[in-house]
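To keep things clear, I will list the structure first and then write my remarks on it.
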Amino acid sequence: MIVAMQETATEDQIQVVTEHLIEMGFSVHRTTGERQTILAAVGARSDFDTRNLEVLGGVMEVHRISAPYKLAGRSFRPQGTIIEFKNGVKVGGKEVVVMAGPCSVESREQLFTVAELVAKAGARALRGGAFKPRTSPYSFQGLGLDALKLLREAGDKHNMLVVSEVMEISQIEVMLPYVDILQVGARNMQNFNLLRELGKLKTPILLKRGIAATIEELLLSAEYIMAGGNYNIIACERGIRTFETYTRNTLDISAIPIVHKLSHLPIASDPSHGTGRRDKVAPMARASVAAGADSLLIEVHHNPDKALSDGAQSLYPQQFVELMDSLRMIAPAVGRSIA
């Protein structure tokens, strides 16, 4: 249920409504926009009369929400969510934020070379895996804590945010000092124990869509995190598994405007994992911006032919530069700019 307060509602009136909702058995999540306060009441109870709330002082209107995701739904924050970071970057606003870097951190030389290249081209966040979930147990699994330290050092040197994947609860405390955005990979989208723990943080979460997940399931996973109090979530379309085998996954471009309609959360697109092919990353990145993506996650390697993971989908440095130039032409056509 959503209770929209009047613009002139006082803090005392808001508190009275909140207490009333709690007495009814709901947990209450509050969001304050530029003009009014919205109270989202979450709970299993359905036997209530909205008129009992509508007559309370300061209440403008009350809506029952039929969608299973109450906090991730657009009605909770009709104006949309903008996630602001310490270096001035905002995800969800007019600027499209590009996050780029290698699939995994392989060495200091590799990371610092790539970080300098993507920063000069205009990337605002450095992505890189420290702990790598791989399909084969014999594949490169990442450098762990050493990689996190290198990511933080490289990010600070080039004034970039750091985004890296968290795979399990025990890694959260280790990662927090080094990363600005914790990425939840496709394999963990429905790891509900992990999502609950991430809900206790304030650190922004990049939540990737599962390989066979519906859009509703993606938003319900976001709901798990938000139910714990962490509303700083970036949904991410990274391709889903279909019957097509030419590409690694099928990048669902339509998910971008659909998520924007259903949810207030900003959405990123990952054309690198979405296609698995270097020659298809740039076209899909351009299409994602045209469709309304708030951010892009791009894999770049200075020598992808010798990359320890996902070299086939990593752009060469010059390809990334050319992509950024083309995005700067496309973004204004849809009322956006590249951060």
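The values are calculated or read from the model by the stated rules, or taken from the named source; none is laboratory data. As the structure is a computational prediction, the values presented were derived from the model and not from experiment. Here the Cβ positions follow ideal geometry from the backbone for every residue, glycine too, while neighbour counts run over all protein chains shown.
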Complete set of residues in segment 312-327 that are of a type outside the set (Val, Ile, Thr), touching a residue at least 60 places away in the same chain (Cβ under 8 Å) and not in a loop (DSSP other than H, G, I, E, B): Gln313, Pro317, Phe320, Met324, Leu327
Condition met for Ala312 (hydrophobic (A, V, I, L, M, F, W, C), surrounded by fewer than 24 Cβ atoms within 10 Å (Cβ to Cβ) and within 22 Å of Ile211 (Cβ to Cβ)): yes
Some residue of segment 72-88 being within 24 Å of His273 (Cα to Cα), of a type outside the set (Phe, Trp, Tyr) and surrounded by fewer than 24 Cβ atoms within 10 Å (Cβ to Cβ): yes
The lone exception for Ile181 - which of (1) of a type in the set (Val, Ile, Thr); (2) crowded, with 18+ Cβ neighbours inside 10 Å; (3) modelled with pLDDT under 95 it fails: (3)
Filter pass, Leu143 being at pLDDT below 95 and of a type in the set (A, V, I, L, M, F, W, C): yes
Selected residue [more than 28 Å from Pro137 (Cα to Cα), at pLDDT 95 or above, touching a strand residue (DSSP E or B) at 6+ places or on another chain (Cβ under 7 Å) and not in a strand (DSSP E or B)] from Ala268, Ala282, Ala331: Ala331
Contacts under 8 angstrom Cβ, first residue in segment 86-98 being closer than 16 Å to Ala235 by Cα, partner hydroxyl-bearing (Ser, Thr, Tyr) and assigned to a loop (DSSP other than H, G, I, E, B), 6 or more apart: Gly92/Thr81
Total residues in segment 36-68, condition touching a Leu at 6+ places or on another chain (Cβ under 7 Å), exposed (fewer than 13 other Cβ atoms within 10 Å of the Cβ) and not in a loop (DSSP other than H, G, I, E, B): 0
Selection count where residues are surrounded by fewer than 24 Cβ atoms within 10 Å (Cβ to Cβ) and more than 22 Å from Met175 (Cα to Cα), scope segment 192-226: 10
Count of segment 84-102 residues which are farther than 11 Å from Ala339 by Cα and over 15 Å from the mean Cα position of the chain (by Cα): 4
Failed condition for Thr247, given (1) outside any loop (DSSP other than H, G, I, E, B); (2) in contact with a Lys or Arg (Cβ under 7 Å, 6 or more places away or on another chain); (3) of a type outside the set (Asp, Glu): (1)
Selection within segment 11-35 - buried (at least 17 other Cβ atoms within 10 Å of the Cβ) and of a type outside the set (A, V, I, L, M): Gln13, Thr18, His20, Phe26, His29, Thr31
Subset of segment 279-302 [among the charged types (D, E, K, R) and surrounded by 19 or more Cβ atoms within 10 Å (Cβ to Cβ)]: Asp294, Glu299
Pairs with Cβ under 7 Å, 6+ apart, first in segment 188-215 and more than 14 Å from Cys236 (Cα to Cα), second aromatic (Phe, Trp, Tyr): Phe192/Tyr224; Leu195/Tyr224; Arg196/Tyr224; Gly199/Tyr224
